[in-house]
Amino acid sequence: MHQSYRIDGFRFGVRSTSKGFGEWLDSALAVYRRPRRADPVYSIVAWDGDRRLGKAYGILYRGFVPIVRTLSPRALARGLIAELDSFSFGDRDDAIYLDAALARLDGRVALMPSMLARRLAALGRRTGRTGLSLSVARSAAVDPRTGRIAPIRRRLKLPPDALRRIGEPRQHSLHSGDFVVDRSLSVDAVLTFVAAGGPAHVVSRARGLHFLSGSLMNLPRMGARAVDGLGRLVQSADCFELADGDPKRLLDEVVALLSGERAAMLPTGFRRLG
């Protein structure tokens with residue numbers, strides 16, 4: 001199925017392999033539907049029929065880049081909604097918006113580049129078996145007054161029961177690999193990401209702030225408030241740098257720095273959080 005929409009002046013098409021998911025999308029985004037066909041920007045590989053629900057991954061692509069990979073139909077829908085909500089971030093000043101995602105393990109939270117989150121999500125069940133959860137949204141909101149992660153305020157006009165219309169297997173109702181930010185969260189670790197380098201290592205909070213500033217989506221609107229708010233965030237967080245490469249190694253490093261269970265594998269100075 002192929003549908004076309006217009007949101008915040010942006011015309012785009014969405015393709016789906018699932019007739020059921022496409023029909024849900026048309027209903028949820030009815031006020032944005034446009035009859036003139038637009039080039040596909042998003043593609044959704046999803047389930048069709050109860051037989052496969054919960055037994056195969058659904059994937060949301062932006063172009064050829066997989067953004068969300070999940071066993072949960074509802075998480076897939078939430079990921080798409082979060083992506084469409086991000087169209088307005090550049091013009092908003094109610095929060096600091098970052099092109100970044102969150103990971104959570106044993107109550108500790110890491111803020112990381114969305115690219116790193118995609119690497120970890122691509123490992124599927126391997127990531128889930130570690131106990132690491134990734135935020136469904138590949139963007140994050142920060143309260144400039146406190147420096148804490150805040151729930152993203154939705155601006156899309158959706159039916160109140162839109163998400164409840166998505167069939168969800170009981171055993172995968174936002175399964176352990178996905179989570180939604182629905183309350184204020186403190187950040188324990190800020191992860192920076194470079195193209196090449198050695199093992200994960202501690203970096204200064206100034207470097208962590210530099211990375212976050214580079215991922216700002218609404219700097220022109222927020223100005224100095226954004227930098228001040230991010231300064232508050234890194235003040236209470238440990239900052240680490242990871243090098244791109246084998247996703248399995250990246251997963252091990254992220255789990256290690258959040259849990260401390262594999263600290264012996266890490267270089268000198270890489271300390272346990274908490």
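Miscellaneous remarks
- Residue (of S186, V65, A200) at the positive-pole extreme of the chain, dipole from beta-carbon charges: V65
- Computed helical MRE - 222 nm, the chain, DSSP H runs ≥ 4 contributing -39500 (n - 2.57), nearest 500: -8000 deg cm²/dmol
- Extension gain from D228 to R145, taking 0.36 nm per residue of separation minus the Cα-Cα distance: 29.0 nm
- Every pair of different Cα atoms in region 23-158 enters the Kirkwood calculation, which places the hydrodynamic radius at 16.2 Å.
- Along principal axes, Cα extents of region 191-235, largest first, whole Å: 36, 21, 10
- The share of C-alpha pairs in the chain whose separation exceeds 24 Å stands at 50 percent.
- What you get for the chain, charging only the Cβ of Lys and Arg (+1) and of Asp and Glu (-1), is a dipole of about 600 debye around the Cα centre.
- Whole-Hz Karplus values for region 195-205 come out as 5, 8, x, x, x, 4, 8, 5, 10, 6, 5 Hz, taken residue by residue from phi with 6.51 cos²θ - 1.76 cosθ + 1.60 and θ = phi - 60°; glycine and proline positions read x.
- Selection among M222, S236, S259 by position relative to the dipole of region 203-262 gives M222 as farthest towards the positive end (Cβ unit charges, Cα centre).
- Protein accessible area in region 54-209, 1.4 Å probe - carbon and sulfur %: 49 percent
- Reciprocal mean inverse distance between Cα atoms of region 1-103 - Kirkwood radius, Å: 14.5 Å
- For L242, distant residues with modelled amide H under 5 Å away: T192, F193, V194
The values are calculated or read from the model by the stated rules, or taken from the named source; none is laboratory data. A quick note: this is a predicted structure, and the numbers were derived from the prediction, not measured. Quick reminder, even Gly has a Cβ in these numbers, built from the backbone with ideal geometry, and neighbours come from all protein chains shown. We work out accessible area using only protein heavy atoms, side chains counted, and drop any ligands, DNA or RNA first. Shrake-Rupley method; radii C 1.70, N 1.55, O 1.52, S 1.80 Å.
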